[in-house]
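A.B. asks: If you scroll down you'll find the structure; I have some questions about it.
The values are calculated or read from the model by the stated rules, or taken from the named source; none is laboratory data. All values reported here derive from a predicted model rather than from experimental measurement. All Cβ positions, even for glycine, are placed from backbone atoms using ideal geometry, and neighbour counts span all protein chains on display. Surface accessibility is based on the protein's heavy atoms, side chains included, excluding ligands, DNA and RNA. Shrake-Rupley method; radii C 1.70, N 1.55, O 1.52, S 1.80 Å.
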Amino acid sequence: MKFIIGKKQNMSQTFKDNGHVVPVTVVKVDPVVVTQIKTKEIDGYSAVQVGFSPNKESRVNKPQRGKGQGNFSGFREFRMADTGTYKVGDKIDASIFAPGDKIIISGISKGKGFQGGVKRHGFHGGSRTHGQKHSEREPGAIGGGGRSGGRVVKGMRMAGRMGSDRITIKGVKIEGVIPAENTILLRGAVPGRRNSVIEIRG
């Protein structure tokens, strides 16, 4: 299993040999360092922990210093059955991936705050006919009558907080890798705002 942590930069485009344009997302993938190997015997599961975004030593708390995990502001774990190919201190950079690889990406989508039912769930709203005036974006009935016993059932689609969810996309194609710039070009769009953390697994 291959993996790395990146930060979304911006969207751009590349051109194929036949002249076709391909939209890509530029992801900055600075080298990450293996900080801990977790095993079933000790931790109950197998995983590799990596640190990213180097930090000042003065900003590292004492528990982190005691574990000897290095000066990093962020950590991620990647579960895998066999962790024998990794050891503490290993550096992982963009060169482990190649153009054409199909990968899985995960990130936090953009937060949109409190939104109504039309924007959040795609409701059509009410009609302007038959005496209604201000019902274009209303959600409609929420009780359900006999179906729910006169109460609002759990999971009812209503207005509420939208976005800031963990989104995972499978089968994303790598269009280009630039090791000298620690950059990977991913085909299409990826979730998140600029500089948000993207997990890449292959």
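A.B. asks: Filter the stretch 64-97 down to residues that are in contact (Cβ under 8 Å) with a residue 60 or more places away in the chain and assigned to a strand (DSSP E or B), then give me how many there are.
C.D. replies: 5
A.B. asks: Look at the stretch 31-63 and say how many of its residues are open to solvent by 50 Å² or more (accessible area, probe 1.4 Å) and in contact (Cβ under 8 Å) with a residue 60 or more places away in the chain.
C.D. replies: 1
A.B. asks: Could you check, for the stretch 37-44, whether at least one of its residues is in contact with a strand residue (DSSP E or B) (Cβ under 8 Å, 6 or more places away or on another chain), closer than 23 Å to residue 101 by Cα and in a strand (DSSP E or B)?
C.D. replies: no
A.B. asks: Which residues, taken from the stretch 35-83, are at positive phi and polar (S, T, N, Q)?
C.D. replies: Residue satisfying the conditions is 53 alone.
A.B. asks: Can you pull out the residues in the stretch 18-29 that are under 23 Å from the mean Cα position of the chain (by Cα) and either surrounded by 15 or more Cβ atoms within 10 Å (Cβ to Cβ) or small (Gly, Ala, Ser) (or both)?
C.D. replies: 22, 24, 25, 26, 27, 28, 29
A.B. asks: I'd like the residue in the stretch 64-116 that is touching a strand residue (DSSP E or B) at 6+ places or on another chain (Cβ under 7 Å), farther than 26 Å from residue 169 by Cα and open to solvent by less than 40 Å² (accessible area, probe 1.4 Å) and, out of all such residues, is modelled with the highest pLDDT.
C.D. replies: Residue satisfying both the conditions and the ranking: 90.
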